[in-house]
Structures are given as C-alpha cells and as structure tokens.
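Everything on this sheet refers to the single structure shown next.
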Amino acid sequence: MQSYWRLHRYPILFAVACILFYWSFAYNLVRTDFVKLFMLFGATFYLTYKIIQFEKWNFKFLLIVGILFRLVFLIAEPNLSQDFYRFIWDGELIKNGINPYLYTPDQIMEEGMVSFTSMNELHEGMSALNARHYSNYPPVNQVLFALASILGEGSVMGSMIAMRLTVILADLGVLYFGRKLLQNLNKANHMAFWYFLNPLVIIELTGNLHFEGVMLFFFVWALYLISKNKWLWATPIYAISIMVKLMPILFLPIFLKYFGFKKSVVFYTLVILGCAALLLPFYSPIFIDNYAETVGLWFSNFEFNASMYNVVKKIAVTYYEAKPWELIDSYGSMLTKAIIVIVLLFTFLRKNQKLQSVITSMVFALACYYFLSSTVHPWYVVFLLGFAIFTDYRFPLVWSCTIILSYYAYSNPDYKENLWLLAVEYILVIGFFIYEMIGSRPKKLYFFKK
C-alpha cells in the first residue's frame, strides 16, 4: 500500500478533490450561482486532465475513479435541468397503460384520465412549456422511462435512481466497446477515458439524467460490430440507438461508399425495419402529427447557446428590422434543408472507404449541425464528444469544456444569455476546429482523406 501510495499519490489526491467538488456540485449548488458552477466545473476539468495525464495506462484506476465520480450523484436531484420530471411522467403513463405521445401533461391533468402517487409533484416540477406539449422522446427512451417508474414503485427518488443506474451502465458500455473500437482503429484505447471521465459527461448524464449516453452506447456498439465486419448484427443495434434519440439517423447516408450500394440498401432497409418494429407498440393515427409538432418546436421556437444563428439574428434585427419570432421560424426551415445538403456533401465528396473516414465525416456533419443550430444544450455535445475520440479531432473536447459558459443564462430570472460569453465559447471551439483543419497535421486531416 505504501508503495502504491508513493507511485499514485497525486492522482489519488486529485480524485479525492474531484469527489468533493462533485459532491458540492450535486448537493450544494443552485444553478443561478454561475460563479460557483463555473469554478467547480473548471476545477474538475483541470483535475481530470491531470488524472488522465498521470494514469492514462492504468485502466483499473481510471475505471474505479470514473464509477466513484458517478456514484456521488446517486441520490441527488438534478439541479441544472427539469427534464427528469417529464421522463418519469411519461414512464408513469406507460405503466398505467396510456400512450405518452397522445396526450399532453396538461390534458391528462384537466381530464383526469389517470391518477398516480407522484402525479402532482411531476406536473409541477416540469416546465410549463413541457407540460403543454406532447412527448418528443423516441420509443426506446420511453421504455427506459417506464422501467424506471416500475422499479421506482411510484417514488420520484426511486425512479431517479433507476434512471441514473441505467445511464451509468450505458457509460460503462461506451467505455467497453469504445476501447475495443479504438483498438480496431489502431488508436490508443485510453482515449475512451476522455469520454468516461469528462466532467460534462458525468454532470449532464449521471447528474442531470440525460440519455445521450444511452444513445451513444448503442451507436458505438454498432460501430464496433461494423468494424468487425458484422454489419448485419449492427443493424438492430443501430436502430435502437436511433430510437433512443433520433440523431444517428442523420449519419445513415454517410455509410454509402463504405458499404457500397448493394450492402447499403440492405443496411438501410434493416435499420428502418428495426425502427418501425420499435415504434409499432406506440403507433396510432394521430401519433405522427403530435410527434412532428413537438419536434418542430426545436427548429422553429427554441433558441439557446447558438453560434451562427445569433450572428444572423443580430444582423437581421439590427439592420433589416426582422421580427425575432418570424426569423427563427424561417431559419429553422432553412436549417433542415442546409443539414440535408451538408450530409449529402460529406457522403459524396469524401471517399469514406474506411471506417475511420466515415466516423470523421460524422463528426464534421454533426459539428456543422450544431454550429448552425439555434439550440445547443450542453448535453448535446456529449454525443459529438463520444465518437470524436475515434478520430484525430479534439475540438469537441475543447467544446465540452467551454460550453459551461452557456449556463450563465440560468443566473438571470428571464434566462437572458450573455452574448460575449457565447462569443468566447465559440471563438475557442471554432478557432480550434479551423486550426485542426488547416493548421495542424495537414497530411492527416485533409478533407478528401480515404
């Protein structure tokens, strides 16, 4: 023990300090206290960097530390997001035999369709905006919500713990398959710990109960199977990933050159059939309209932590007297078309004949979407970070650090954003992205790389 302490005393001390900081984050932080939030996040990020620097080849140490960091949050109520109330609400509806896509929480309360123990607590806890709209969480996510509600036995805390354990298991799965995929791509497998120990991942997934890590687990598992040439087995896993969160559907065209036309048709068909099978238990004639209406809000109503959109908005409102509520609706419609074009460009202009190139194209495509989007919540970046570790690009890692600046908005009662802080965030991220594209390792990173 003395010998181990002498060899590892600094990483152990750093890990203990992180545990104390995470404890403060979980149980003694109000999200309106931006200074404390920023300091805690910055400290944990720096200490995590030092831990990985010292122990990057010590798998057991990093694994245990990552699990301990997560267990700190086990009985904590999320303090940076109210979404978990809606998660449990949807799970309780399914448990009581009601399709969560067919009724808004407000409608359920007004019509008295069902009654369960935590009903009033959940309805009051979720935002008013959430309560008046239909659920937008895909079917596999809904199944996980229902499972948490069943295991929680009507208790909000019990359901939270069940969801938290699910998220932790998913992160362990990302680490397991991520290390295997890194080995298949001839990359250092310790890079997986830049996901597993990343403070943004721990705080936003384990802490705030977002399910990006569950989506990422199935996505990385599918990529691993593809890397082993077991692409048929990968199709149901990829379908599950889409049905946790919809984002992986964006990348389907990028596989075209990697598989070739005939295999691609089979791959796409099986993935679509898998999605349809998972969706079938929730289907009803009005499901599509309700779901499309709610998803459409993200493109036409919401704005948070935007980069290019804020620039467009500033110019349009200042110099052309545009109305913000009309501008975001038009912008959302244009964004949808722009993303389709961007994905097709990465599909046909890059060679994508190796899995490494396919994943790099995915990183480019998702980064472009986030740079153009009017809404980029911090937990969105977790997905980008999670598969960027399989490439030579590190700008998502920079983003996972700087995106904490967006939480300044919660320090104001009216959620007003500080555009100067957002400018700092995006100048650092986009600047580092440009540096990696044209200023660093040009032989490895040119656009048409196979």
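The values are calculated or read from the model by the stated rules, or taken from the named source; none is laboratory data. What you see is a predicted model, and the numbers here were worked out from it, not measured in a lab. As a convention, Cβ positions derive from the backbone with ideal geometry for all residues, glycine included, and neighbour counts pool all protein chains shown. Protein only, heavy atoms only, side chains kept; ligands, DNA and RNA dropped before computing areas. Shrake-Rupley method; radii C 1.70, N 1.55, O 1.52, S 1.80 Å.
Here are the numbers:
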quantity	calculated
Residue under evaluation LEU102, criteria (1) over 24 Å from THR206 (Cβ atoms); (2) open to solvent by 70 Å² or more (accessible area, probe 1.4 Å), criterion not met	(2)
Residue match in the stretch 208-218 (condition: open to solvent by 10 Å² or more (accessible area, probe 1.4 Å), more than 14 Å from the chain's Cα centre (by Cα) and touching a residue at least 24 places away in the same chain (Cβ under 8 Å))	no
Pairs where the first residue, in the stretch 360-387, is closer than 16 Å to CYS401 by Cα and the second is surrounded by fewer than 24 Cβ atoms within 10 Å (Cβ to Cβ) and charged (D, E, K, R), C-beta under 6 Å, 6+ apart	none
Test result for THR117, of a type in the set (S, T, N, Q), surrounded by fewer than 20 Cβ atoms within 10 Å (Cβ to Cβ), under 26 Å from the mean Cα position of the chain (by Cα) and at pLDDT below 95	no
Residue in the stretch 1-22 that is most open to solvent (accessible area, probe 1.4 Å), counting only those that are modelled with pLDDT of 90 or more and aliphatic (A, V, I, L, M)	LEU20
Subset of the stretch 404-428 [in a helix (DSSP H, G or I) and either touching a residue at least 60 places away in the same chain (Cβ under 8 Å) or at positive phi (or both)]	ILE404, LEU405, SER406, TYR407, TYR408, ALA409, TYR410, SER411, LEU419, LEU422, GLU425, TYR426
Unique match (being of a type in the set (Val, Ile, Thr), more than 30 Å from LEU63 (Cβ to Cβ) and either over 20 Å from the mean Cα position of the chain (by Cα) or surrounded by 20 or more Cβ atoms within 10 Å (Cβ to Cβ) (or both)) among VAL140, VAL156	VAL156
Residues of the stretch 6-38 that turn out to be more than 23 Å from the chain's Cα centre (by Cα), farther than 17 Å from ILE67 by Cα and hydrophobic (A, V, I, L, M, F, W, C), as a count	2
Qualifying residue in the stretch 413-426 (condition: hydroxyl-bearing (Ser, Thr, Tyr) and either touching a strand residue (DSSP E or B) at 6+ places or on another chain (Cβ under 7 Å) or closer than 17 Å to SER81 by Cα (or both))	yes
Residues of the stretch 409-429 classified as loosely packed, with under 12 Cβ neighbours inside 10 Å and aromatic (Phe, Trp, Tyr), total	2
Residue, farthest from GLN356 (Cα to Cα), within the stretch 185-207, restricted to residues that are of a type in the set (S, T, N, Q) and surrounded by fewer than 24 Cβ atoms within 10 Å (Cβ to Cβ)	ASN189
Output for the stretch 227-265, where each listed residue is open to solvent by 60 Å² or more (accessible area, probe 1.4 Å) and at positive phi	ASN229
Where GLU92 falls short, out of the listed (1) open to solvent by less than 30 Å² (accessible area, probe 1.4 Å); (2) over 30 Å from PRO281 (Cβ atoms)	(2)
Single condition ILE108 does not satisfy, out of (1) open to solvent by less than 10 Å² (accessible area, probe 1.4 Å); (2) under 17 Å from the mean Cα position of the chain (by Cα); (3) over 30 Å from TRP23 (Cα atoms)	(2)
Single match in PHE34, PHE38, PHE73, PHE25 (criterion: within 30 Å of PRO413 (Cβ to Cβ), among the aromatic types (Phe, Trp, Tyr) and either free of Cβ contacts under 8 Å to residues at least 24 places away in the same chain or open to solvent by 80 Å² or more (accessible area, probe 1.4 Å) (or both))	PHE38
Options LEU256, LEU280: the member that is of a type in the set (A, V, I, L, M), out of contact with any Leu (no Cβ under 8 Å at 6 or more places or on another chain) and in contact (Cβ under 8 Å) with a residue 60 or more places away in the chain	LEU256
Long-range neighbours under 9 Å by Cβ, at least six apart or interchain, first residue over 9 Å from ASN96 (Cβ atoms) within the stretch 107-118, second open to solvent by 60 Å² or more (accessible area, probe 1.4 Å) and at pLDDT below 90	GLN107/MET113; GLN107/ARG132
Residue in the stretch 131-145 that is of a type in the set (Gly, Ala, Ser), more than 30 Å from ALA192 (Cβ to Cβ) and not in a helix (DSSP H, G or I) present	yes
All positions within the stretch 391-417 that are closer than 21 Å to TYR195 by Cβ, in contact with an Asp or Glu (Cβ under 8 Å, 6 or more places away or on another chain) and small (Gly, Ala, Ser)	SER406
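Conditions tested, residue by residue: (1) at pLDDT 95 or above; (2) assigned to a helix (DSSP H, G or I).
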| position | (1), (2) |
| --- | --- |
| PHE38 | yes, yes |
| PHE45 | yes, yes |
| ILE51 | yes, yes |
| TRP57 | no, no |
| VAL65 | yes, yes |
| ALA76 | yes, no |
| TRP89 | yes, yes |
| GLN107 | no, yes |
| MET113 | no, no |
